[in-house]
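Here is the structure we will look at, set down as structure tokens.
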Amino acid sequence: MVKYDKKTLKRMIDGDLTWEELKPIISGTKDPDRFDKIIEILQEKVSWDEKIILPIHEHLHIVSKDGKRIVKCDCGYEFGDYKENWKKKCRIRVRDTAEELEEFYPKYMSCDPDWEELREYFCPGCFTLLDTEAVPPGYPTIFNFLPDIDAFYKEWLGRKAP
Amino acid sequence: MNNKPIGWNGKTLMKMLEESEKYIKETKSYYGIDKLKLKEEDPFKYERAFASLRGALVSARETALHVAASPIVKEIGELCFALYTPEGDSIVVSTGILVHVHTMSEAVKFMVKQDYEQDPGINLGDIFLNNDPECGNVHTTDVQTLIPIFWKEELIGWAGGVTHQIDSGGITPGHDLVSAIQRFDDGTYYTCRKIGSNDKIWKDHMINARRSVRTPFYWELDEKCRLAGDLMIRDAVLEFIEREGIEYYKQFIREVIEEGRRIFQERVKERLIPGRYRAAAFFDIPMKEEAWQPRAKIDKISNQPLEIIIKNDGSMFLSFDGASGPGPNPMNCAKGAMEGGQWVLLTQVLIYGDKVNDGAYFAVDTDYPIGTWCNPGDSSLSYQSPWGNLIPAYTGMMKCLSYGLYSRGYREEIVPGYGFTGDAIQGGGIYSAGPLKGQRWSLSTFEISGQGLGASGVKDGLDWGYAMWNPEADLGDVETWELFQGGIPYLSRRVKPNTAGHGKYRGGANYEGVAMIANSKEVDFFGARDGYCFHGSGGMHGGYPHATGYRLYAKKTNLQEIIQNQKEYPLGDPDPSNGEFEKLLEGDIVRKKNCTIYPIILENNDMIYYALSGGPGYGDPLERKVESVKQDLNNGIYTNDLVYNIYGVVAEYNEEMGEWVIDKMGTDVRREEIRAERKDKSLTFDDYWEQERWKITEDMLSEPVKRMYSESLRLSTKWRKEFLEFWRLPEDFQLEVK
Ligand SMILES: [Zn+2]
């Protein structure tokens, strides 16, 4: 069974592996203990104590807090119930003018504000950029991922969810 | 007319197909197979059997492509072969342009359902040709040849091959015709037609086919190429049966598909998380100004919302509920095209390296809602370039799967999307001078096979090297393209700055090119790419979408004078707001924000510009390593102004060292400044919600946006309900498009 040590995985998620190191991880058989090891790594990285149940984003984790499952940022900001879209707690900037779009894209190389706008969703705690949405104006905020945590733990991992 | 059924055990093919569909529906497994008996009894024999069939297909492909003539096939291998069950399910596939494996499967099923067994009859040595998207194809320029394989009196399978043509006789030269708006513009149609018997293509068919397309030479040789491959596969299958016995073969082909289905579900359980995944993607179809035909003059945005449900058993449900409507444009997708797109990506992201066959297809339930762009159910529409919708739409699937991969810790597998395989510059003309005077040349470059791939969760995306429809994408040699499109020689090719999607890990980057018209007359030119909308569903976890395309060309230039005086001419368009075309050329220079254009007429010394697509980014750009940004600057991937604005990196070019030098302190300060700006310029969700809602209720939406919403709200009750609930709009809400 393929296994990678925590140090290698930590270097991988920090983007520090060389291509020679990374290539076999991409093309090889997957390591079944990856999930648990990554959670250990993430748990060591954060400054708070709540147990991580499922990482759902570079900075966001579903954690167990007082018997409730909530979304929590690395920085400690709590987004509330994981069944609600965490984007509804974000601070949001909408780039819907050519001028604002051209800060990031050369002229002619971004969407036309009459057709699409670019939304940026920030964590209200650390102002990390959590998501972007390139959508026509008036498009409902997208709820990207709603995991079935209990089915995952019970039926796929064969143990109870924390 | 056949009287004796050709299916197994005295059944008709139709009966066999009905049975196989019933089994899948009732038992969920292929042919109700419970145990993989052959595999359990003798796993070595079983694996050897699979390997020998697969080997036969790969070698058929490698041999056949030397029969082909068209550079698209010969140079970059735009062909593939597959072996099907009598009912049309793929058992094993070759390498190559795999998007077609499942499409041909639909073609076989079409023939079975239409009772070809009775009329026109299916006999040993018969040859069938298909390029109809309504019965198992992507677009008319993909041409399929299928032959039945018999053992004694029974049909035991089909061999199929597909190649991509340079031209199929549509409204203009080319392979993805922007100006086709109805079936009758799409070019020559072969709807599962019998075109030969006794292993020979009929003469009358070939006379007709040659007169129906602009590149008859390529067409004819490519037909022979596909037939040659099919015949090799047939021989290999018969040899297999001689060796292993017919009973083994019959059991084996079903078990191996069932195994394919199980492998898919196992892989899902290994890599994803059960739950609901959603992504939105869009494509702009700006035809109001461009179209010639009055009823095609509308601006459209395709709404491509995707929902994926991963069920507890590892199976998948994929739905485009909420998709907007079809239209008088070539981008309508028949169901077969959608299935092909889904299949070719799933085989790349989930089941690569295993038994790739229609088993994967059976593990996925789909909803391509009837009446939408992804299943119009109207064969009078044009299906000439469904890629326009299909390619962006499936970025959503990549993104959805990537959320699952992230949660499982497999960040190296994340792919939030890919660049559009445009800018497919196309057209052609007639040589007005030189040794080929009077002959036609075709512009059909398949450089489009090298697009930017999205970033993963651990590294940047692949630069100039990916095409979603061919896992072995290869952009070929520029010299070869020049041989075949001699009327439009290249003047330059170089890295195009700022194409890559921003992020902690940036998307793949790409390049640009300039070409001129020479020694030609009657030159048509057109192209297609995202322009008004970002391609597909954009970046992930804070990554940005990659840049859009745009159109630039110059007519009536002074290029001859420039050449004679050995003066400088434009080599690209690194800064579109301060263009080299405008600086260095005299003439009529056209710049358009929309990148999809109807054909224009070009003359000698006119110049065209094109740029290929980057890929979307991953993660917050402020987290990108300063060293990586430095490399981007040195490699011309990004320009200094954008790097300052988005990555917060302060750098200066050092002439002596010949490289960019980073101001570390300045960068720290600038990054803090950006964080502060994020705080200042952002709204709370409630304020954002009010502002966005106001755009809807106060009629602030543009015509194409309103048209998109009105179509989706009309076509889906579910989508309508969620839209109204989200914006708290009244039940009778309507968006009027005049
Ligand atoms: Zn935070």
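The values are calculated or read from the model by the stated rules, or taken from the named source; none is laboratory data. Note that the structure is a prediction, hence the values are computed from the model and not measured. Positions of Cβ are generated from backbone atoms using ideal geometry, with glycine treated the same way; all protein chains shown enter the neighbour counts. The protein model used for the area step is the full one, side chains on, heavy atoms only, and it has no ligands, DNA or RNA in it. Shrake-Rupley method; radii C 1.70, N 1.55, O 1.52, S 1.80 Å.
Data for the structure
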| item | result |
| --- | --- |
| Within region B:652-670: backbone nitrogen closer than 13 Å to the B:ASN634 label point (7 Å, Cα to C-beta) | B:654, B:657-662 |
| Spin-label pair B:GLU270/B:LYS11, simplified geometry with 7 Å Cα→Cβ offset, distance in nm | 3.2 |
| Förster-model FRET efficiency, 45 Å R0, B:ASP575 and B:ARG714, C-beta, rounded to 0.05 | 0.55 |
| Antiparallel content of DSSP bridges confined to the protein assembly as shown, in %, to 5 | 95 |
| Nearest-20 debye value, region B:685-727 charge dipole, Cβ charges on Lys, Arg, Asp, Glu | 380 |
| Relative contact order for region B:423-622, counting Cα pairs under 8 Å that sit 6 or more residues apart, in percent | 30 |
| Gain in span if fully extended, B:GLU244 to B:LEU491, counting 0.36 nm per residue against the direct Cα distance | 83.2 nm |
| The protein assembly as shown - percent of accessible surface contributed by carbon and sulfur, probe 1.4 Å | 49 |
| Residues losing 40 Å² or more accessible surface upon assembly, region B:669-687, compared with the chain by itself, 1.4 Å | B:ARG675, B:ARG678, B:LYS679, B:LYS681, B:SER682, B:LEU683, B:PHE685 |
| Helix axis angle, B:717-727 relative to chain B longest principal axis, alpha carbon, degrees | 20 |
| Net charge of neighbours whose Cβ lies under 15 Å from the Cβ of B:ASP199, counting Lys and Arg as +1 and Asp and Glu as -1 | +2 |
| For region A:1-133, with +1 on Lys and Arg beta carbons and -1 on Asp and Glu, the positive-most of A:VAL71, A:THR132, A:CYS111 along the dipole | A:VAL71 |
| Relative contact order for region B:294-373, counting Cα pairs under 8 Å that sit 6 or more residues apart, in percent | 38 |
| Per-residue [θ]222 nm for chain B (sum of -39500 (n - 2.57) over DSSP H runs n ≥ 4, rounded to 500) | -10500 deg cm²/dmol |
| Interface residues in region B:272-306 - accessible area drops by 30 Å² or more relative to the isolated chain, probe 1.4 Å | B:ILE273, B:PRO274, B:ARG276, B:ARG278, B:ALA280, B:PHE282 |
| Total accessible area lost when B and A pair, probe 1.4 Å, Å² to nearest 100 | 7500 |
| Whole-Å distance, taken between Cα centres, linking region A:99-114 and region B:319-347 | 28 |
| Heavy-atom accessible area, 1.4 Å probe, ligands and nucleic acids excluded: residues of region B:391-407 down by at least 40 Å² from chain alone | B:TYR403, B:TYR406, B:SER407 |
| Stretch gain in nm, segment B:GLU19-B:LEU436, where the contour uses 0.36 nm per residue and the Cα spacing is subtracted | 144.4 nm |
| Sequence of A:THR97, A:THR132 when ordered by accessible area, the most exposed leading, probe 1.4 angstrom | A:THR97, A:THR132 |
| 5 angstrom amide H check on A:GLY80, placed H, neighbours 5+ away | A:VAL71 |
| Cα Rg over Rh - the protein assembly as shown, Kirkwood | 0.96 |
| Between 0 and 90°, nearest 10: helix B:216-244 axis offset from chain B longest Cα axis | 50 |
| In degrees, nearest ten, helix B:203-212 long axis to first principal axis of chain B (Cα) | 10 |
| Residue-normalised accessible area of chain B, expressed per residue, 1.4 Å probe, Å² | 35 |
| Shielding by partners, peptide A:90-102 (average Cβ within 10 angstrom, other chains) | 4 |
| Alpha carbon Rg of region B:572-673, scaled by the compact-globule rule 2.2 N^0.38 Å | 1.42 |
